[in-house]
Amino acid sequence: MILKKTLSTLVILALAFGSMSAQQKSKKEGQPQGYVFTTVKEAPITSIKNQSRSSTCWCFSAISFLESEAIKKGAPQDIDLAEMFVVGHAYVDRGEKFVRLNGQLNYSPGSSFGDVIAVMDTYGLVPQSVYPGIRYGEANPVHGELDAGTKGYVTAIAKNPNRKFSPVWKEGLKGIVEAYLGELPEKFTVNGKEYTPKSYVASLNLDPADYVTVTSFTHHPFYTQFALEVPDNWRGDMNYNVPLDEMIQIIDNALENGYTVAWAADVSEKGFSRQGIAIVADTEANERNGSDQDRWLGVSKEDKDAMINGLAAPGVEKNITQEMRQKDFDAQLTTDDHGMHIFGIAKDQNGTKYYMVKNSWGETGPYKGIWYVSEPYVRYKTTNIMVNKNVIPQQIKDKMGIK
């Protein structure tokens, strides 16, 4: 009798839990599915790096881009070029220009893709094994002291306290840089062969003349070049200016042909999630699509906001126009925040296109350092890109005047 009652109780409880589970499943089925990506096209990239506490994304992204270029030309998949070799030379070059301009230049650790190409052209490149670039006991770059020390030094020198500049002040700046990063090598040996930094570049078949930067803004004529007006473009790198649709064509053509793209963009937007997603949500459309009571039943305000803003699952995105992108750049709502590396195309479960982007924040987020960035986000918040000029479609290249 007791056994019968116990069995009956267990059956009732099982049915109750089964009913609750079915209700919960029903609620979940009424909610949108999270992001599910399928790779369409991708080019080889090297391992994820971590810029840590240094404002050197411009170098990490451009070096990653050059590593992919070298792989395409036959270099091993595990090629690892030294970011800090480039950073060290850039600090010294920038300091010299700062002093020559009597301090009338933005002296900061941020920079541009063109800075990497200029250093490669003038000084060359070296492997990471030759120049780790950290002499201060950290695993990854930590540049607070280095940034403060170099800026303080060049600021003092620019005031010209001797009433004329000595012939050795630049050695002092180089000394600060090398104290933190290490002596900048002029010769080194790899696999038993001696190189200079420039002969090493030649061995990788990398030609600085192959790389161009491209942007899309209407405050300059299309198919001309101009120095992008952002504080970190201290070298005055010239960008080719093309219509927005053509900039996207250049990116897509590069990826379709096995090349990659260095990508500079504003990442301070709400749609650039630290969960590896970047989108431009049409919040009003998403609200309309999910406003019925059944759809939101049992969903917290936090989860609902995430759905409306496209951070929980694919939703409707804004249609980005040339005018929208120009308006935000003019209002400085689009700023030159971060450099990354586009290496592929993916689609979500709805067939929507995304770019696969390698970041330099370590293996963070659900995709271990990779971001999936929607085409609307790239259209809206790109400041400029760097590509191998050979990937530019011929009809666009002709209009740009590139041989």
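None of the figures in this text is laboratory data; all of them are computed from the coordinates on show. Here the structure is a predicted model, which means the values were calculated and not measured. For neighbour counting, all protein chains shown are included, and Cβ atoms are generated from backbone atoms with ideal geometry for every residue, glycine included.
Strictly greater than 16 Å: what percent of every Cα pair in the range 299-343 meets that?
On the way: 628 of 990 pairs.
Counting every Cα pair in the range 299-343, those more than 16 Å apart make up 63 percent.
Given the DSSP H assignment, sum -39500 (n - 2.57) over each helix run of at least 4 residues in the chain and divide by its residue total; what's the result at 222 nm in deg cm²/dmol, nearest 500? All intermediate terms of the calculation are to be shown ahead of the outcome.
On the way: 14 runs with 162 residues, N = 403.
That calculation yields -12500 deg cm²/dmol at 222 nm.
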| request: Please report the base-10 log of the normalised intensity I(q)/I(0) for the range 203-324, using a Debye sum with one equal scatterer per alpha carbon and no solvent, at each q in 0.09, 0.19, 0.21, 0.22 (1/Å). | output: -0.41, -1.14, -1.26, -1.31
| query | What length, rounded to one decimal in nm, is gained on full extension from Gln322 through to Gln77, with 0.36 nm per residue of separation minus their alpha-carbon distance? | reply | 84.4 nm
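Per-residue counts of other Cβ atoms within 10 Å, averaged by peptide: what ranking do you get for 168-180, 321-333, 54-66, highest first?
54-66, 168-180, 321-333
Just want the ordering: His89, His341, His219, from fewest to most Cβ atoms lying within 10 Å of their own Cβ.
Numbers: His89 22, His341 27, His219 10.
Ranked by crowding around the Cβ, least crowded first: His219, His89, His341.
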| request: Return the whole-Å distance between the Cα centroid of the range 365-384 and the Cα centroid of the range 310-358. | output: 6
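Taking only C-alpha pairs under 8 Å that are 6+ residues apart, what is the relative contact order of the chain in percent? Working shown, then result.
Details: 685 pairs, mean separation 94.5, N = 403.
It comes to 23 percent, rounded to a whole number.
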| said: With equal scatterers on the alpha carbons only and no solvent term, can you work out the Debye log10 of I(q)/I(0) for the range 81-158 at 0.14, 0.17 1/Å? | reply: -0.49, -0.71
| note | Applying the span-like rule to the chain (DSSP H, Cα extent along axis at least 27 Å, Kyte-Doolittle mean at least 0.0) gives 2-29
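Exposure proxy check: Glu256, Glu67 ranked by fewest other beta carbons within 10 Å? Don't jump to the answer; show the numbers that get you there.
Values: Glu256 13, Glu67 26.
Sorted ascending by nearby Cβ count, the order is Glu256, Glu67.
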| request: May I ask you to work out the translational diffusion coefficient for the range 159-211 at 25 °C, viscosity 0.890 mPa s, via Stokes-Einstein with Rh from the Kirkwood sum over Cα pairs, reported in whole µm²/s? | output: 171
| field | the range 132-261: mean projected area of Cα convex hull, nm² | value | 12.9
| task | Would you mind giving the three semi-axes, in whole Å and largest first, of the ellipsoid equivalent to the range 59-191 according to its Cα gyration tensor? | result | 29, 15, 13
| remark: Counted neighbours (other Cβ, 10 Å), sorted fewest up, put Leu206, Leu105 in the order Leu105, Leu206
| All-pairs alpha carbon distance profile, the chain, 10 Å steps from 0, percent | 4, 20, 27, 22, 13, 7, 4, 2, 1, 0, 0
